[in-house]
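Structure first, then comments.
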Amino acid sequence: MNQYKKGQIVTGCVTGVEKYGIFVSLDDYYSGLIHISEISDFFVKNPNDYVHVGETIRAIVIDDSDSDSFHVKLSIKNLDYKFSRRKYKKIIETSKGFSSLRAYLPIWVSKKKDEIQRKMQKN
């Protein structure tokens with residue numbers, strides 16, 4: 001009996017990357033393949049741009065194996081498949097928007113011009 005079911009999100013270790021997809025070890029018995037078409041909704045030229053051997057990733061089971069096989073078909077499309085080490089905070093937009101940049105940009109440009117002119121006068 002297969003312990004992985006269609007739609008289940010699983011964690012596994014990348015064991016190989018080929019031009020046609022990514023091999024993932026799920027446990028001591030089961031492994032899976034993420035076909036290149038299941039990596040992204042966009043064109044994937046090289047699966048190595050997405051994962052590296054030894055990396056732990058999450059994937060979703062898109063087809064469970066039959067009872068004789070220990071292989072499942074996996075996908076990482078539309079799934080946050082990488083474990084991030086840092087938690088990012090959402091940037092809260094302020095009502096000022098770009099007004100601070102608009103106010104300070106002329107000052108920064110003026111200071112830089114003065115700095116360049118002083119350097120040119122020294123030479």
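Values in this text are rule-based calculations from the coordinates and carry no lab data. Just so you know, these numbers come straight off a predicted model, no measurement behind them. Because the Cβ atoms are built from the backbone with ideal geometry, glycine has one as well, and the counts that use them run over all protein chains shown.
Quick look at the values:
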item	result
Neighbours by Cβ (under 7 Å, 6+ apart or cross-chain): first from region 27-56, touching a residue at least 24 places away in the same chain (Cβ under 8 Å) and within 11 Å of ILE76 (Cα to Cα); second of a type in the set (Ser, Thr, Tyr) and surrounded by 18 or more Cβ atoms within 10 Å (Cβ to Cβ)	ILE34/SER75; GLU38/SER75; ILE39/TYR50
All positions within region 1-24 that are among the hydroxyl-bearing types (Ser, Thr, Tyr), under 19 Å from the mean Cα position of the chain (by Cα) and closer than 18 Å to SER69 by Cβ	THR15
Subset of region 29-62 (residues that are over 12 Å from the mean Cα position of the chain (by Cα) and in a strand (DSSP E or B))	SER31, GLY32, LEU33, ILE34, HIS35, THR56, ALA59, ILE60, VAL61, ILE62
Region 63-83 - residue that is among the small types (Gly, Ala, Ser) and in a loop (DSSP other than H, G, I, E, B) and, of those, farthest from the chain's Cα centre (by Cα)	SER67
Matching entry among SER69, SER31, SER40 (being surrounded by 13 or more Cβ atoms within 10 Å (Cβ to Cβ) and within 20 Å of ASN2 (Cα to Cα))	SER31
